[in-house]
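The block underneath contains the structure these notes are about, expressed in structure tokens.
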Amino acid sequence: MNVQRRQTILVAVMLGMMLLAAGWSTARMLGHRQDARYAAEDLQRCQQLADQIKQHQSKDAVASTGDDAALQEQKLAQRVNEAATKANLTGPWQQGIEHRREVRIEDSPYMRKPAVLITRGLTLYQLSMLLHHLTYESPYTAEQLQLRTPPGEETGNRWDADVTLTYLIYSPQTSGRDE
């Protein structure tokens, strides 16, 4: 084999290797570019979630375990009274609030605290206005509604209702280990 032919083969092999390396580098760069796009989208979504968390924290939507239970019950009663005023409710419509035991939400650090608001003799419009004012931009959620006709009333538009309201309590589980 002559020298010129050998040099041509070596140059061709080197060019082939350079093209292969350039192709591999380009493919890897494009993969990293796509990963960077995904990371930017994830970052944007995380920032949106962080903003939502800050908004919810500023609304006092979650009680903490350090909060006194009596204080939370008082806050609920105050919120019910404010909602009743906004809904223009008068008379003996409220029969009481029965507070129930909180329940842990699966394996999360949150507990759901229910309370049953007992109302008597409200129209559906009055009840819906009360619930709207009670739960709109509030930590309380109406989870269950039981309607009954008042005793002795055969026809009419008045209802007795038991409304189960809930709110969240932040209560991380403690481990059984001593640290």
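The values are calculated or read from the model by the stated rules, or taken from the named source; none is laboratory data. Everything numeric in this text was worked out from a predicted model, so none of it was measured. Here the Cβ positions follow ideal geometry from the backbone for every residue, glycine too, while neighbour counts run over all protein chains shown.
Observations
- Test: residue in segment 117-125 that is among the basic types (Lys, Arg) and within 13 Å of Arg158 (Cβ to Cβ): yes
- Gln173 being modelled with pLDDT of 90 or more and either surrounded by 17 or more Cβ atoms within 10 Å (Cβ to Cβ) or not hydrophobic (A, V, I, L, M, F, W, C) (or both): no
- One residue stands out in segment 148-168 among those that are among the β-branched types (Val, Ile, Thr) and modelled with pLDDT of 85 or more: the one that is surrounded by the most Cβ atoms within 10 Å (Cβ to Cβ), namely Val163.
- Within segment 79-115, being more than 12 Å from His133 (Cα to Cα) and among the acidic types (Asp, Glu) holds for Glu98, Glu102, Glu106, Asp107.
- Out of Thr119, Thr85, sole residue that is more than 18 Å from the chain's Cα centre (by Cα) and loosely packed, with under 13 Cβ neighbours inside 10 Å: Thr85
- Listing of strands (runs of 3 or more DSSP E) fully contained in segment 69-179 that carry 3 or more residues being touching a residue at least 40 places away in the same chain (Cβ under 8 Å): 110-123, 158-170
- Scanning segment 88-116 for residues that are surrounded by 14 or more Cβ atoms within 10 Å (Cβ to Cβ) and among the hydroxyl-bearing types (Ser, Thr, Tyr) returns a single hit, Tyr110.
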